[in-house]
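Engineer: Quick one: the structure is below, questions incoming.
The values are calculated or read from the model by the stated rules, or taken from the named source; none is laboratory data. Everything numeric in this text was worked out from a predicted model, so none of it was measured. Counting neighbours? That spans all protein chains shown, and the Cβs are built from the backbone with ideal geometry, glycine included.
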Amino acid sequence: MKYVAELKAKIREKLPELDVVIGWKQGFDPVHASPAFMTTPEEIEQLVVNPLCVQNLATYLPGLKGKKVGIVARECDTRSIGELLQESLIEREELTVFSVKCPGAVDLVKLRQQVGDLGRVRSISFDGPRVTVETPDESSSLDLGELLPGKCRVMAYDEPVLADFRFVDPDQDTVCREEADTDLVALEQMDLDERFAYWRGHLDRCIRCYACRNVCPMCVCQDQCIADTRDPHWLSAETDVRQKWMFQLIHAMHLAGRCTECGECERACPMDIPILTIRRKLNREIHELFGYTSGMDVDAVPPLLTFQPEEKSITEREW
Ligand code: SF4
Ligand code: SF4
């Protein structure tokens, strides 16, 4: 991205006031970027911003509460920061947001479907909407739009929710789109038996690794997570689908109206289970009931963190 030199210069300038700045750097192979925790000018030189920088770095913020933290954030990532601020899980005065225009994102599952074994990729480069992937056998020119994760197809963000510094490449258009949520529509069109079979089939593959929980920026009570506690003992260690289902439903309900649809849970899932659809469904219900979209207004009170004696959109007296 053209703004990376300018971004690095600004981070260098602000670093003496901060304990750490979180960004991305090249990962262990050509197709992976890794979170970077920058505390020295040398580490700032490793910073990269490209469509392989897929991690929502807001996940690290609650754990760094009490420190002065800078964060490099795409527009959609600032939505998670907004929700964390709303819930007082982080403090605004401890935070410096280096907001960057999102360069798009690559879903590695889709990339693997196009080019095969990702271990054979020697290099990957980006030129606007084109992605060039080199393997020992061939060079493939792919469309970035075809590689976008599902979350980038149903929500579009032109501007950040909040920013202290903003970095934009004037030649670059917004990559994410607001298309119909076909996965959710298809699910809603199933009858209850079909839906039951759908989730039973998917959740049976869950290995209860809890990557979906650990990567979630809003899943903040991991030390006392009901998946791990023995008192109260909500879940057993059995591997039958009922226990996996129970865990997913509890996770989803705890995130109802708080989930910022960053898609990290689904990206981290090693079993490719479409768990983001459950969160999206609950968020649509919350929006319908309370007119609320998580993380978009740092001054708003999330509806499930408060109550009113009577909710206008809930007609409980008629039941
Ligand atoms: S539940 Fe998934 S999509 Fe929602 S905030 Fe957590 S990681 Fe992001
Ligand atoms: S990341 Fe996937 S496999 Fe792991 S616990 Fe979550 S749903 Fe199950």
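Engineer: Just to be sure I understand the filter: pairs with C-beta atoms under 7 Å, separated by 6 or more residues or on different chains, first member in the stretch 258-284 and within 16 Å of ligand 2 (Cβ to nearest atom), second member in a helix (DSSP H, G or I) and β-branched (V, I, T). Which pairs pass?
Structural biologist: E264/T59; D272/V109
Engineer: Does P232 qualify as being closer than 18 Å to G63 by Cβ and not charged (D, E, K, R)?
Structural biologist: no
Engineer: Let me ask something additional. Being part of a loop (DSSP other than H, G, I, E, B) and in contact with a helix residue (DSSP H, G or I) (Cβ under 7 Å, 6 or more places away or on another chain) is the filter here; which residues of the stretch 221-233 pass it?
Structural biologist: Scanning the stretch 221-233 gives C225, I226, A227.
Engineer: Here is a follow-up. Any residue that is among the β-branched types (V, I, T), assigned by TED's automatic domain parsing to the domain that holds V168 and part of a loop (DSSP other than H, G, I, E, B) - is there at least one of those in the stretch 64-74?
Structural biologist: no
Engineer: Same structure again: Going through V220, V133, V161 one at a time, which residue ends up being under 30 Å from I71 (Cα atoms), without any contact (Cβ under 8 Å) to a residue 40 or more places away in the chain and crowded, with 16+ Cβ neighbours inside 10 Å?
Structural biologist: The match here is V133.
Engineer: Within the stretch 163-171, is there a residue that is more than 16 Å from ligand 1 (Cβ to nearest atom), part of a loop (DSSP other than H, G, I, E, B), among the hydrophobic types (A, V, I, L, M, F, W, C) and not assigned by TED's automatic domain parsing to the domain that holds F247?
Structural biologist: yes
Engineer: A follow-up question, please. Out of all the residues in the stretch 260-274, which are more than 18 Å from A105 (Cβ to Cβ) and crowded, with 19+ Cβ neighbours inside 10 Å?
Structural biologist: Once the filter is applied, which keeps residues that are more than 18 Å from A105 (Cβ to Cβ) and crowded, with 19+ Cβ neighbours inside 10 Å, the stretch 260-274 yields only I273.
Engineer: Among the residues of the stretch 67-99, what is the count of those that are under 24 Å from A9 (Cβ atoms) and touching a Pro at 6+ places or on another chain (Cβ under 9 Å)?
Structural biologist: 8
Engineer: So, one more: Of all residues in the stretch 203-237, count the ones that are touching a Pro at 6+ places or on another chain (Cβ under 7 Å) and either more than 10 Å from ligand 2 (Cβ to nearest atom) or over 24 Å from Q55 (Cα atoms) (or both).
Structural biologist: The total comes to 1.
Engineer: Can you name the residue in the stretch 223-255 that is away from ligand 1 (no atom under 16 Å from the Cβ) and of a type in the set (S, T, N, Q) and, of all such residues, is surrounded by the fewest Cβ atoms within 10 Å (Cβ to Cβ)?
Structural biologist: Filtering first and then ranking leaves Q224.
Engineer: Another question, then. Assess whether V133 counts as being touching a helix residue (DSSP H, G or I) at 6+ places or on another chain (Cβ under 6 Å), away from ligand 1 (no atom under 16 Å from the Cβ) and not hydroxyl-bearing (S, T, Y).
Structural biologist: yes
Engineer: Select from the stretch 136-158 the residues that are in contact with a Ser or Thr (Cβ under 9 Å, 6 or more places away or on another chain) and assigned to a loop (DSSP other than H, G, I, E, B) and write down the one among them that is modelled with the highest pLDDT.
Structural biologist: Of everything passing the filter in the stretch 136-158, G150 is modelled with the highest pLDDT.
Engineer: Still on this structure, please answer the following. Between V97, V133, V109, which is under 27 Å from L255 (Cβ atoms) and assigned to a strand (DSSP E or B)?
Structural biologist: The conditions single out V97.
Table: residues versus (1) of a type in the set (S, T, Y); (2) without any contact (Cβ under 8 Å) to a residue 40 or more places away in the chain; (3) under 19 Å from D158 (Cβ atoms).
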{"site": "E43", "(1), (2), (3)": "no, yes, no"}
{"site": "L47", "(1), (2), (3)": "no, no, no"}
{"site": "P62", "(1), (2), (3)": "no, no, no"}
{"site": "G70", "(1), (2), (3)": "no, no, no"}
{"site": "E94", "(1), (2), (3)": "no, yes, no"}
{"site": "V100", "(1), (2), (3)": "no, no, yes"}
